[in-house]
Every structure is written in C-alpha cells, then in structure tokens.
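Below: the structure, in structure tokens.
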Amino acid sequence: MLTFFKEGGFGMYPTLAFGLLLLAVGVAYALKPERKLLTLFTILGIVDFLSGSLGTVMGAVATFLYVSKLPAAQQYPTTLLGLAESLHNLTLALVFLVLSTLVLAAGALRAALAAGPERG
C-alpha cells in the first residue's frame, strides 16, 4: 500500500485528505442522520472525485512530457508504467467514494428503520 501511495505522486495527498473528510461526514451521518450532512457529503464526494481525476491527468501529462525525451524503444513501456501510476489517484478517490457511500447507506437504513413503517 505504501508503494501504491508513493507511485501516485503528489496528487494522492489532496485526494486522501478529501477522502478522509468524506468518510468522516459519512460516519457522522450514520451516527446522526441529518439532511444538512447530505449536502456536505455530496460536495465532498464531488471534490474527492475531481481531486483524484486531476491527479490522474497531471500524472498522465507528466508521463507524456517525460516519455517524449526517451529513445523510441523505451517510450511504450514507460508510457504504460506512467499511466498505471497516474491511475492510482483515481483509484484512491473511488475507494473513498465507495466506502463512504456504504457508510452513508448504513445511516440511511438506520434512519429508515427508526422512522418505522409508513402507512399508505
């Protein structure tokens, strides 16, 4: 996991920070479901995804700039490696989005069960 984070580069840090905030809001909602937390959760989810996407794009750009200076025989394998490392940013963002959404869903289930059966 440590190499995963290191290979992703600088973009991993903001993605991690926003992902942890997102997870914290998901936990807060699971403990005490309040509608105002849903807005914050949505905004942080978007920011986390965009942060991971930005890190991925920045890594891809850096890869292409670097690869253009290599001999032709090294360009293809280096490009693949650079793009794979760049995708670590997006992977981290998606992991946080999935985990946080599962926690949020647990809170939504808890709120629905507490409300009791609806009468129609």
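The values are calculated or read from the model by the stated rules, or taken from the named source; none is laboratory data. Remember, it's a predicted structure, so these values are computed and weren't measured experimentally. All Cβ positions, glycine included, derive from the backbone under ideal geometry; neighbour counts span all protein chains shown. These area figures cover heavy atoms from the full protein model, side chains too; ligands, DNA and RNA do not enter into them. Shrake-Rupley method; radii C 1.70, N 1.55, O 1.52, S 1.80 Å.
Each residue of region 49-61 was assigned a 3J(HN,Hα) from its phi angle through the Karplus expression (A = 6.51, B = -1.76, C = 1.60, θ = phi - 60°), giving 4, 5, 5, x, 5, 5, x, 5, 5, 4, x, 5, 4 Hz with x at Gly and Pro. Backbone phi angles across region 15-21, fed through the Karplus curve with coefficients 6.51, -1.76 and 1.60 (θ = phi - 60°), yield HN-Hα couplings of 5, 5, 4, 5, x, 5, 4 Hz in residue order; Gly and Pro are listed as x. Per residue, the accessible area of the chain comes to 66 Å² when a 1.4 Å probe rolls over the protein heavy atoms.
Based on the alpha-carbon set only, what is the convex hull volume of region 42-120 divided per residue, in Å³? Each step should come with its number before you reach the end.
Working: hull volume 7.6 nm³, N = 79.
That works out to 96 Å³ per residue.
What percentage of the solvent-accessible surface of region 1-66, computed with a 1.4 Å probe over protein heavy atoms, is contributed by carbon and sulfur atoms? C and S fraction of accessible area: 80 percent. Using the Cα centre of the chain as origin and beta-carbon charges of +1 (Lys, Arg) and -1 (Asp, Glu), tell me which of A72, V103, G52 is placed farthest towards the positive end of the dipole. Checking the options against the dipole of the chain, the answer is V103. Note on R35 and V95: with the Förster distance fixed at 41 Å, the Cβ-Cβ geometry gives a FRET efficiency of about 0.95. Bridgeable lysines around K69 (alpha carbons under 19 Å apart, same-chain partners fewer than 8 residues away excluded) are absent. Highest mean packing comes first when the peptides 11-24, 105-118 are listed by Cβ atoms within 10 Å, giving 11-24, 105-118. Residues of region 10-40 with backbone nitrogen within less than 19 Å of a virtual label 7 Å along the Cα-to-Cβ line of A105, please, listed as ranges. Only 22-34, 38-39 pass the distance filter.
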